[in-house]
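Undergrad: Before I ask anything, here is the structure I am working with.
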């Protein structure tokens with residue numbers, strides 16, 4: 001089997017919907033914590049201490065305090081938002097390029113692979129991340145496909161040519177790359193799929 005040969009895994013080695021949800025929720029909590037910490041750090045840097053100490057015992061006082069905080073934070077909101085978005089992208093793309101994966105992948109015991117069983121290329125991970133954003137954000141609807149797919153692919157896996165497998169999974173054998181088509185509304189889209197490459201009768205006889 002060469003480095004460019006497609007491979008497949010045993011059906012039980014593909015990550016289940018439960019593992020995918022554990023990974024997704026863990027990564028969501030990790031990202032939200034980072035956003036919260038960064039926001040607090042910048043607030044203490046740019047908002048005067050007397051504004052931060054304003055009383056918040058009533059709804060009106062909380063609204064007044066938040067309005068004052070927003071006033072001081074407004075000049076840095078755009079670069080702060082841009083930095084956070086870049087950090088989120090680096091987390092979801094960069095860590096998945098590594099063997100260990102994101103915190104969620106480590107906790108769920110899974111990793112992401114391409115058709116060759118290796119970590120996907122950067123451009124593939126970028127495409128996957130951009131496709132995943134709207135579908136994962138919408139109550140994780142993309143993971144509903146995992147239970148119906150023989151290799152547990154989500155929507156963004158199908159359109160980027162990736163698979164999520166258990167961390168200790170080993171290839172079950174070579175596979176053929178096939179192209180499937182689905183309709184997204186009225187638009188036909190083609191995605192990569194795998195079929196186990198069964199040896200021919202002649203090959204079986206030789207073996």
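Undergrad: Within region 184-191, is there a residue that is under 27 Å from residue 109 (Cβ atoms), within 21 Å of the chain's Cα centre (by Cα), at pLDDT below 90 and part of a strand (DSSP E or B)?
TA: So far as region 184-191 goes, yes, one or more of its residues are under 27 Å from residue 109 (Cβ atoms), within 21 Å of the chain's Cα centre (by Cα), at pLDDT below 90 and part of a strand (DSSP E or B).
Undergrad: What's the number of the only condition in (1) at pLDDT below 90; (2) surrounded by 13 or more Cβ atoms within 10 Å (Cβ to Cβ); (3) in contact with a helix residue (DSSP H, G or I) (Cβ under 6 Å, 6 or more places away or on another chain) that residue 152 fails to meet?
TA: (1)
Here's the yes/no breakdown for (1) surrounded by fewer than 18 Cβ atoms within 10 Å (Cβ to Cβ); (2) within 28 Å of the chain's Cα centre (by Cα); (3) under 26 Å from residue 196 (Cα atoms):
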residue	(1), (2), (3)
48	yes, no, no
61	yes, no, no
68	yes, no, no
71	yes, no, no
99	yes, yes, yes
120	no, yes, yes
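Undergrad: What is the number of the single condition among (1) touching a helix residue (DSSP H, G or I) at 6+ places or on another chain (Cβ under 9 Å); (2) part of a helix (DSSP H, G or I) that residue 66 does not meet?
TA: (1)
Undergrad: Being in a helix (DSSP H, G or I) and in contact with a strand residue (DSSP E or B) (Cβ under 7 Å, 6 or more places away or on another chain), is that true of even one residue in region 92-101?
TA: Yes: region 92-101 contains one or more residues that are in a helix (DSSP H, G or I) and in contact with a strand residue (DSSP E or B) (Cβ under 7 Å, 6 or more places away or on another chain).
Undergrad: Can you say whether residue 199 is modelled with pLDDT under 90 and surrounded by 10 or more Cβ atoms within 10 Å (Cβ to Cβ), as far as the supplied structure shows?
TA: yes
Undergrad: Name every residue in region 155-169 that is assigned to a helix (DSSP H, G or I) and either without any contact (Cβ under 8 Å) to a residue 24 or more places away in the chain or under 11 Å from the mean Cα position of the chain (by Cα) (or both), in order of residue number.
TA: The answer is 156, 157.
Undergrad: Ok, one more. I need the full set of residues from region 50-59 which are under 19 Å from residue 40 (Cβ atoms), outside any loop (DSSP other than H, G, I, E, B) and under 40 Å from the mean Cα position of the chain (by Cα), in order please.
TA: Across region 50-59, the qualifying residues are 51, 52.
The values are calculated or read from the model by the stated rules, or taken from the named source; none is laboratory data. As the structure is a prediction and not an experimental result, all values here were calculated from the model. Using ideal geometry, Cβ is built from the backbone for each residue, glycine included, and neighbour counts are taken over all protein chains shown.
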